[in-house]
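Shown next, in structure tokens, is the structure this report addresses.
The values are calculated or read from the model by the stated rules, or taken from the named source; none is laboratory data. Everything numeric in this text was worked out from a predicted model, so none of it was measured. Reconstructed Cβ throughout: ideal geometry from the backbone, glycine too, with neighbour counts over all protein chains shown. The area values use the complete protein model at the heavy-atom level, side chains included, leaving out ligands, DNA and RNA. Shrake-Rupley method; radii C 1.70, N 1.55, O 1.52, S 1.80 Å.
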Amino acid sequence: MRVLLVEDDPATASSLTEALSLEGFAVTHVAVGQAALEVVDVDLVVLDLGLPDLDGLEVCRRLRARSGVGIVILTARGEQIDRVLGLEVGADDYVVKPFSPRELVARVRAVGRRT
């Protein structure tokens, strides 16, 4: 499965890329929302909401408008309203930081099975 990781924090991106790669996923990493919108031919997107150029919710909306790609939001925004909004704009799952890499991998697999 080809995963696009949209994460602006280098340490988080590095650890996630390693964790997903070890589980057999082909990972492409970008650090800004605009770059995420330019990537094509992926099966699933792991999307941070706090991006430096575009809000992650806007990235999610735009991705969903053009594709049925699986989207897992991974963010520090953990309030109920944030989770509800993320799911309503098109995310398939919502994971709050801090998170367990094993749980994230399991959620990526689950969304991948459905999409």
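Which numbered condition in (1) within 21 Å of residue 99 (Cα to Cα); (2) open to solvent by 60 Å² or more (accessible area, probe 1.4 Å); (3) of a type in the set (A, V, I, L, M, F, W, C) is the only one that residue 1 fails?
Among (1) within 21 Å of residue 99 (Cα to Cα); (2) open to solvent by 60 Å² or more (accessible area, probe 1.4 Å); (3) of a type in the set (A, V, I, L, M, F, W, C), residue 1 violates only (1).
Restricting attention to the range 9-22, and to residues there that are surrounded by fewer than 14 Cβ atoms within 10 Å (Cβ to Cβ) and of a type in the set (S, T, N, Q), which single residue is nearest to residue 98 (Cα to Cα)?
Selected residue: 15.
Go through (1) under 14 Å from residue 90 (Cβ atoms); (2) free of Cβ contacts under 8 Å to residues at least 40 places away in the same chain; (3) loosely packed, with under 14 Cβ neighbours inside 10 Å and name the single condition residue 64 misses.
(3)
Can you tell me how many residues in the range 92-108 are assigned to a helix (DSSP H, G or I) and surrounded by 15 or more Cβ atoms within 10 Å (Cβ to Cβ)?
4
Just give me the residues in the range 60-91 being part of a loop (DSSP other than H, G, I, E, B) and in contact with a Lys or Arg (Cβ under 7 Å, 6 or more places away or on another chain), in sequence order.
76, 89, 90, listed by residue number.
Of the residues 46, 6, which single one is farther than 20 Å from residue 102 by Cβ, open to solvent by less than 60 Å² (accessible area, probe 1.4 Å) and in contact (Cβ under 8 Å) with a residue 40 or more places away in the chain?
Checking each option against the conditions leaves just 6.
Starting from residues that are touching a strand residue (DSSP E or B) at 6+ places or on another chain (Cβ under 9 Å) and more than 17 Å from residue 13 (Cβ to Cβ), keep the ones in the range 26-66 and report whichever is modelled with the lowest pLDDT.
41
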